[in-house]
Amino acid sequence: MATLRPGSLGTLIGRVGNMVFYELNGKIVGRTIGVVDSYSDAQLGNQMGFGLTTLLLNPVNQFIRAGFKTTPKEPGWNFHSLAFSLNKKNALTGKYPNVEIDFTKVIFSMGGLPLPKNPQVKLAGNCLEFSWEADPETKGNDERDQVMLVAYFPETLQAMTVQSGSPRTSEKHTILLPSFKGKKVIETYIAFISEDRERVSNSVYLGQIIWDNQ
C-alpha cells in the first residue's frame with residue numbers, strides 16, 4: 001500500500017500491485033518489483049499505467065464521486081471505474097519505463113451542465129484565485145450551480161479539492177494554499193455542479209501554476 005511521509009504536502013512512498021513508488025531527486029519514480037523478465041514491455045507499461053492512475057485518483061476520490069455520479073456507465077461500473085478507465089486511456093503518455101501522467105488531459109468530471117465563460121486562475125500570494133463569467137443567458141445553467149475546483153500537486157501526487165464552492169453568480173472562489181518554503185508545481189482544474197448534485201459539467205484544465213514561496 002502507498003503511504004505518505006510527513007511533510008507540508010507529504011511524499012508518496014509505497015507499493016501498488018507489483019509497482020513500488022519512491023522519491024528520487026525530488027520526483028516520484030515507479031519501478032516494478034519481483035521477477036519481470038517474463039513480461040513484455042507492453043505488459044510492464046500497462047502495469048505502470050495502472051499504478052500511476054491509481055495514485056492519480058486517490059487524493060480526488062470525493063471529487064470524482066460527484067464528478068462522475070450521473071455520467072453514463074457500463075453495467076456494473078461505478079464512478080471510480082469510469083474515472084479510472086478514462087484517465088488510464090487518455091491521461092497517460094510514454095512507453096515503459098517512461099510512462100507519465102499528462103495533466104493537461106486528466107478528466108475529473110463529465111457531464112452536460114454548461115461551463116461559464118472565460119474560466120481563469122491566478123496566483124495571489126499564498127492563494128489561488130479562480131474566476132469566471134457567469135453567463136446567465138446560456139441555456140441549462142442556474143445561478144445556484146456551484147463551482148468545483150482541483151489544485152493538484154504532481155510532484156507528490158496530492159491535491160486540494162473543492163466540491164461545493166461559490167455559486168455561479170459569484171464569479172470567483174479562492175483556495176488558500178498550505179504554508180511551506182520552496183517551489184511547487186500546481187495543476188489546476190474547474191467544473192460546476194447543480195445544487196441538487198444531479199448535474200455536472202465536464203472538468204476543464206486551467207493551466208499550470210509555479211508557486212515559488214521563498
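Every number in this text was worked out from the coordinates using simple rules, so none of it is lab data. It should be emphasised that the depicted structure is a prediction, and the values quoted were computed from it without experimental measurement. Cβ placement follows ideal geometry from the backbone for every residue including glycine, while neighbour counts extend to all protein chains displayed.
Just a few scattered comments:
- Radius, Kirkwood style, for the stretch 117-213 when every pair of distinct Cα atoms is counted (Å): 13.9 Å
- Two-site label geometry, Leu123 and Glu155: point separation in nm, points 7 Å out along Cα→Cβ: 1.0 nm
- Each 10 Å bin from 0 upward holds the following percent of the Cα-Cα pairs of the stretch 43-125: 16, 41, 31, 11, 1.
- Distant alpha-carbon pairs in the stretch 59-101 (separation over 16 angstrom), percent: 44 percent
- Peptide packing: for 98-105, 145-152, the average count of neighbouring Cβ atoms within 10 Å per residue gives the ranking 145-152, 98-105, highest mean first.
- Ordering of 157-164, 114-121 by burial proxy (mean other Cβ atoms within 10 Å per residue, highest first): 157-164, 114-121
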